[in-house]
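The values are calculated or read from the model by the stated rules, or taken from the named source; none is laboratory data. Here the structure is a predicted model, which is why all the values come from computation and not from measurement. Using ideal geometry, Cβ is built from the backbone for each residue, glycine included, and neighbour counts are taken over all protein chains shown. The accessibility values were calculated without ligands, DNA or RNA, using every heavy atom of the protein model including side chains. Shrake-Rupley method; radii C 1.70, N 1.55, O 1.52, S 1.80 Å.
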Amino acid sequence: MPRAQRDASTSTWILFLFASMLLGCQSSVPAPLPSPRQETVSLHDTDEDVIAFCGACHKLPEPQSFAVADWREKVVFGFRLHQESGRTDLHPPPREYVVAYYQNRAPRELVFDGPEQAAMADRPSPIRFESQDVQVEIAEQAPAVARLDAIGDAVLICDMRGGKVWQWQPGTDRAEPHWNAPHPASCTSVMMKADAPAGVIVGDLGTFFPEDRHRGALWWEDSPEATDLRPVMSKLGRVSHVAAGDLDGDGRTDLVISEFGWRRTGQLSIGWNDPTPGEEFPWNRRVLDPRHGCLKTVLCDFDGDGTQEIVAAFSQEHESIDVFRPVGKRQFERTTLYRAPDPAWGTSDFEVVDLDHDGRLDIVVCHGDTFDGGQLRPYQGIRWLRQLADGTVEMRLLTGMPGVHRAVPADLDGDGDLDLAAVALVPPSSAAAASGVRLASVLWLEQIATGEFVPHVLEWNQLQHATCTVLDEDADGDLDIIVGHFHWEGEDTRLLTVFRNDGKSAQNP
């Protein structure tokens, strides 16, 4: 692809592209409607018609999700998605009526200075972090790091645009190319057989930009010295993540494959470990959920009943966290644990953790994807889905952080409770449009009391981080924050930045 074309296309980056059908819902009584253009508004075109049409495929978005000037584009996009869906059972109101419905209820502009925003609540960090970059040698273009996976004593780094899995040894300032794959998105440690050494499954998107083609794949390697990956599965729908565990109690490791896809492709599937004579790999894939947009799964005993469940995050128009509980031999029942109130929230990641140490697992979810239109959204941020005694969850906003893509729980200050490290990724066009807005790109949330968090921003407005992890990089007994770089263009050689926790008070060094 020519350089100019590649750079112009970059703002449509896809790993977390959430093509929500952005149409509206209820609000206060609107101002009089402007006259429609090239359409006739019937006496039967009412607000209820708009609500019925726009809520037929997903949860009703709120008009307050976007500014007045953005709604025409959103409505046009939504009508196009409806046309592409092939549904003939719906009766769309005139498009101009729909546009006016949302514009009359939308704010003139979105506000980013609310007290819930990290930029407004930021306090000086009680501990000091010093940053150091990890460099790589690049041949053509700067890396775009999608994920960091600590496996063994190394960190495997998925450069989804450059087609490389880099390997980094903590404590060093260089990373080395380890494997090549078209567009790697995740690395998972897997023990294929009980008596065999663990290997690594690489989940491969197959394409960098969004496509409804089955070019995703799984790759395997179990030799530390090997430089070539071996194909496990192909013709998948853009694999964003793979989890591994024994799902049926037969002693063999199964795979849970998140095929994000795009609009017409994608699903959540299980690779059952059923060895077949003559076949190198034992996994046979079966569909668990046919919906597209699955970002990631976590295997855990979420409800504490002694059985392992699959917790999954779905983005696109779904914006949900679902739990799949075993109900029979290789059978699962799905329960929607949580759904964002608006399909524009942009689910970007989640973690399962007992955040308040009450004995029940909770979920920390990030809403930060802006790639379905590019607009910054002040309602995005890090939320805590706290599990209650009856198994339901209550949602709490921990901090507003537009563009947040990952939040990792860890005890960063060594006081015995869990804090959070988080990073943000925003397209350059979005950041430029919000010039003058101060945005956190790297921060940590200190848990100062049970369930009470305070943000400490470590980096401002360098919104090029899709992922991070936490580990003791310098082996000094405290935890450091490792941040990946997703470069939009140019020849920047920074792959990672280490925010090293020096264990000293920032106020009293």
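Hey, which of these cross-link pairs are over 25 Å Cα-Cα: Lys164/Lys235; Lys74/Lys164; Lys296/Lys329; Lys235/Lys329; Lys193/Lys329; Lys164/Lys296?
The pairs that break the limit, which is 25 Å between Cα atoms, are Lys74/Lys164; Lys235/Lys329.
Leaving out ligands, DNA and RNA, what percent of the accessible area of segment 369-509 is carbon and sulfur, probe 1.4 Å?
Roughly 46 percent of what the probe reaches on segment 369-509 is carbon or sulfur.
Rounded to the nearest whole Å², what accessible area per residue is found for the chain with the 1.4 Å probe?
Normalised by residue count, the accessible surface of the chain is 41 Å².
Normalising by the residue count of segment 448-503, find the relative contact order in percent from Cα pairs under 8 Å and 6+ residues apart.
Relative contact order, segment 448-503: 28 percent.
Sort 473-486, 339-352 for me by packing, meaning the mean count of neighbouring Cβ atoms within 10 Å per residue, highest on top.
Numbers: 473-486: 20.6, 339-352: 23.6.
Taking the mean over residues of other Cβ atoms within 10 Å, the ranking is 339-352, 473-486.
Using a 1.4 angstrom probe on heavy atoms only, work out the carbon and sulfur share of the accessible area of segment 123-265 in %. Provide the component values of the computation, followed by the final result.
Details: 2700 of 5940 Å².
Summing carbon and sulfur atoms, their accessible area is 45 percent of the total for segment 123-265.
Over segment 348-405, what number does the Rg to Rh ratio reach, with both radii from the alpha-carbon atoms and Rh per Kirkwood?
1.06
Give the residue from Gly359, Gly391, Asn461 lying farthest towards the positive end of the charge dipole for segment 353-509; charges sit on Cβ (+1 for Lys and Arg, -1 for Asp and Glu) and the dipole is referred to the Cα centre.
Asn461
In debye, nearest 20, what is the charge dipole magnitude of the chain about its Cα centre with +1 on Lys and Arg Cβ and -1 on Asp and Glu Cβ, if you could check? Don't skip to the answer; put the middle values down first.
Details: 45 positive and 79 negative charges, 420 e Å.
So the dipole magnitude of the chain works out to roughly 2020 debye.
Taking only DSSP H segments of four or more residues, each worth -39500 (n - 2.57), what value at 222 nm results for the chain once the sum is divided by all its residues, to the nearest 500 deg cm²/dmol?
Computed ellipticity for the chain at 222 nm equals -3000 deg cm²/dmol.
Considering the convex hull of the alpha carbon atoms of segment 53-163, report its projected area averaged over all viewing directions, in nm², one decimal.
13.6 nm²
Relative contact order of the chain, please, whole-number percent, based on alpha carbon pairs below 8 angstrom and at least 6 residues apart.
Averaging sequence separation for qualifying contacts and normalising by length gives 15 percent for the chain.
So if I take the alpha carbon set of segment 74-122, get Rg, then get Rh from the Kirkwood formula, what is the Rg over Rh ratio?
Working: Rg = 17.0 Å, Rh = 13.7 Å.
Ratio of gyration radius to Kirkwood radius: 1.23.
Heavy atoms only, probe 1.4 angstrom, no DNA, RNA or ligands counted: give me Arg123, Arg360 ranked by accessible area, highest first.
Reading off the accessible areas and sorting them downward yields Arg123, Arg360.
Please say if segment 213-300 is rounded, prolate or oblate, where rounded means a/c under 1.5 for a ≥ b ≥ c the square roots of the C-alpha gyration tensor eigenvalues, and otherwise the choice is prolate for a/b larger than b/c and oblate otherwise?
Note, shape of segment 213-300 comes out oblate.
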